[in-house]
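S.K.: One structure coming up, written as structure tokens, with questions to follow.
Just so you know, all these numbers are worked out from the coordinates, no wet-lab data involved. None of the values given here were measured: they were computed from a predicted structure. Don't worry about glycine lacking a Cβ; one is built from the backbone with ideal geometry, like all the others, and counts go over all protein chains shown.
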């Protein structure tokens, strides 16, 4: 049903890889998100919460540099441990606090990585504008539905994103106490599609439809994924998952391998939330971003 549409979406959908670690830890936490290009000028759509992580990464790097400069100044001091604790409080560092975060745009551009970010003030959508690149690694672009009111309950859509992290090109370097991308290991993470039926529309405070719900969840890593029909037409963008309580609580005894076991479970329906195509078009128009309508 979505074979040709998926082939088309793969042409403009890209992964954003990330690696991070907490303060005092050497364990690297890999993650992924999704974005998709909308034109040859280097504009792409993703989620607000994804774009903010790009900004946070710069802030974390700046804070770490300042922290390490102050840390170097107290090395060997007779009150070094006490002064270190004071420094940690000053910078808000603790075991559960992110200390380093790096992002990598996969197969997006060649040349200098310069990008500006436009955040929506209310919705979970953002624009990324790559500038000064020598080559854009994307030659096909999406077509957005002209009439968003035609998106009705029962319509089936597909989302394409990067929910299952498989890249391994990262490492922790003890000598510098830092994490880095490497030239070894797996660099890619395969794209993963998931379909769903439009179940309900979501309105803002003015009763204007700005999003919609799908009968299946958006998976971690699919934030920013395009939502399209079997013809490849864009109707929205995945941004969140909600969990609906079905009130099917289970508390009963079962037999497993000849042993009586007690099962306790609560059942939820996981549904996906997508920004509506009309909201996407409005945001792009607001910032003078050209896009194709069909």
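S.K.: Semi-axes of the range 88-162's equivalent ellipsoid from the Cα gyration tensor, sqrt of 5 times each eigenvalue, largest first, rounded to whole Å?
M.R.: 33, 23, 13
S.K.: Which whole-angstrom value gives the distance between the alpha carbon centres of the range 1-60 and the range 101-165?
M.R.: 8 Å
S.K.: Quick check on the range 3-293: what are the equivalent-ellipsoid semi-axes from the Cα gyration tensor, as sqrt(5λ), descending, whole Å?
M.R.: After scaling each eigenvalue by five and taking roots: 37, 29, 19 Å.
S.K.: Determine the percent antiparallel among the DSSP beta bridges restricted to the chain, to the nearest 5.
M.R.: 95 percent
S.K.: Next up: At 20 °C and a viscosity of 1.002 mPa s, what translational diffusion coefficient does Stokes-Einstein give for the range 1-77, taking Rh as the Kirkwood radius over Cα pairs? Give it in µm²/s as a whole number.
M.R.: 135 µm²/s
S.K.: Another question, then. Given the peptides 26-36, 74-84, arrange them by the average over their residues of other C-beta atoms within 10 Å, most packed first.
M.R.: The most tightly packed comes first, giving 26-36, 74-84.
S.K.: Moving on to the next point. For helix 277-286, what angle does its Cα long axis make with the longest principal axis of the chain, in degrees from 0 to 90 and rounded to 10?
M.R.: 60 degrees
S.K.: Select from 58, 110, 70 the residue whose mean-square fluctuation is largest in a Gaussian network model of the chain (Cα-Cα springs shorter than 10 Å).
M.R.: 70
S.K.: Suppose we take every Cα in the range 39-147 and form the convex hull; what volume per residue is that in Å³?
M.R.: Roughly 144 Å³ of hull volume per residue.
S.K.: Could you calculate, for the range 77-213, the ratio of the Cα radius of gyration to the Kirkwood radius, expressed as Rg to Rh?
M.R.: Here the Rg-to-Rh quotient is 1.08.
S.K.: Starting from the Cα-Cα distance between residue 174 and residue 246, subtract it from 0.36 nm times their residue separation and give me the gain in nm to one decimal.
M.R.: Stretched fully, the residue 174-residue 246 segment lengthens by 21.1 nm.
S.K.: Just the number, please: Stokes-Einstein D of the range 188-294 in µm²/s, Kirkwood Rh from C-alpha pairs, 20 °C, 1.002 mPa s.
M.R.: For the chosen part, D equals 130 µm²/s.
S.K.: Still on this structure: Under the 0.36 nm per residue contour assumption, what length would be gained going from the current alpha-carbon distance of residue 28 and residue 88 to full extension?
M.R.: 19.5 nm
S.K.: Quickly estimate the mean residue ellipticity at 222 nm for the chain, helices only: each DSSP H run with n ≥ 4 gives -39500 (n - 2.57), and the total goes over all residues, rounded to 500.
M.R.: -6500 deg cm²/dmol
S.K.: If the convex hull of the alpha-carbon atoms of the range 144-185 is projected onto planes in all directions, what is the mean projected area in square nanometres?
M.R.: Orientation-averaged projected area of the Cα hull: 6.1 nm².
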